[in-house]
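A.B. asks: Have a look at this one.
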Amino acid sequence: MFVRFILLFIIGILSIHPILGQKEYTASNNLKFKHFSTSEGLSQSSVIAIHQDNKGYIWIGTRDGLNKYDGTRFISFRHNSDNPKSLSHSWVTNIFEDDKNNIWVGTKNGLNKYNHNQNNFTVYKQDSNTNSISDNEIWDIEQLNSNTLIVSTGNGLTKINLSENNFWFFAKSYGLVIP
């Protein structure tokens, strides 16, 4: 009986803790939300990734392009097979900004670095004959230090030395376990 009481007491405390731990929000916080859709200029309604850069632009990755929002309008970037400086694929999987304020965009078919001045992209794709990323399907992008990015792909991890433009990859075939 005593054990049952203790268990009920612990369950009661644990269930009430989230309620007591929540901060009260009121209308005085002036939170405002604006919903965007294709009618406002978003390239597609399924949002996969969002990032706000150091200049305040909001980058939105969808299944049909990358969108740059300046607070009033959208600029959309999509893959164009006639333009090698376009996105490598329109399905965006990840958006990342490094410590040098470069915007990196992962897609279903390659890694892209946004060129601010030219308003286009440098594309990095897997190539078995050269120094390249381990796979074209990009899952995640992180920065290890000021000169190194780690890119998670469908075939493992790629370490990119940004200052020397060198790529090292650790793949399934090298014993990397990918769940």
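A.B. asks: Arranged from highest to lowest average of other beta-carbon atoms within 10 Å per residue, in what order do the peptides 101-108, 154-161 appear?
C.D. replies: Numbers: 101-108: 21.2, 154-161: 19.0.
Put in order of decreasing packing, that is 101-108, 154-161.
A.B. asks: On to the next question. So how much slack lies between Phe33 and Lys100, counting 0.36 nm per residue of separation and subtracting their Cα-Cα distance, in nm?
C.D. replies: On the way: separation 67, 0.36 × 67 = 24.12 nm, distance 3.00 nm.
Value of the extension gain: 21.1 nm.
A.B. asks: Right, next: Can you pull the one-decimal nm distance between simple spin-label points at Ile150 and Asn131, each 7 Å off the Cα toward Cβ?
C.D. replies: Inter-label distance under the simple model: 2.1 nm.
A.B. asks: Taking K and R as +1 and D and E as -1, what net charge do the other residues with C-beta under 14 Å from the C-beta of Glu142 add up to? Don't skip to the end; give the middle numbers.
C.D. replies: Numbers: positive: Lys159; negative: Glu97, Asp98, Asp99, Asp140.
Once all neighbours under 14 Å are counted, the net charge is -3.
A.B. asks: What number do you get for the stretch 46-174 when its Cα radius of gyration is normalised by 2.2 N^0.38 Å, N = residues? Don't skip to the end; give the middle numbers.
C.D. replies: Details: Rg = 14.0 Å, N = 129, 2.2 N^0.38 = 13.9 Å.
Compared with the compact-globule rule of thumb, the stretch 46-174 sits at 1.00.
A.B. asks: How about Lys100: which lysines have a C-alpha closer than 27 Å to its C-alpha, ignoring those fewer than 8 places off in the same chain?
C.D. replies: Lys55, Lys68, Lys85, Lys108, Lys113, Lys125, Lys159
A.B. asks: Still on this structure, I have one more. Percent relative contact order of the stretch 46-174, based on C-alpha pairs within less than 8 angstrom and at least six residues apart? Walk me through the intermediate numbers first.
C.D. replies: Working: 322 pairs, mean separation 18.6, N = 129.
Value for the stretch 46-174: 14 percent.
A.B. asks: In a shell of Cβ-Cβ distance under 14 Å around Thr38, excluding Thr38 itself, what net charge do Lys and Arg (+1) and Asp and Glu (-1) give? Walk me through the intermediate numbers first.
C.D. replies: Values: positive: Arg63, Arg73, Arg78; negative: Glu40, Asp64.
Local charge sum for Thr38: +1.
A.B. asks: Related question: By how many nm would the segment from Gln118 to Asp82 grow when fully extended, if each residue of separation counts as 0.36 nm and the alpha-carbon distance is taken off?
C.D. replies: On the way: separation 36, 0.36 × 36 = 12.96 nm, distance 1.70 nm.
Difference between extended and current length: 11.3 nm.
A.B. asks: Just order 58-67, 114-123 by mean Cβ neighbour count inside 10 Å, highest at the front, would you?
C.D. replies: Ranking the peptides 58-67, 114-123 by packing returns 58-67, 114-123.
Coordinate-derived values only; no laboratory data. If you're wondering where the values come from, they're calculated on a predicted model, not measured in any experiment. When we count neighbours, we look across all protein chains shown, and the Cβ atoms used for this are built from the backbone with ideal geometry, even at glycine.
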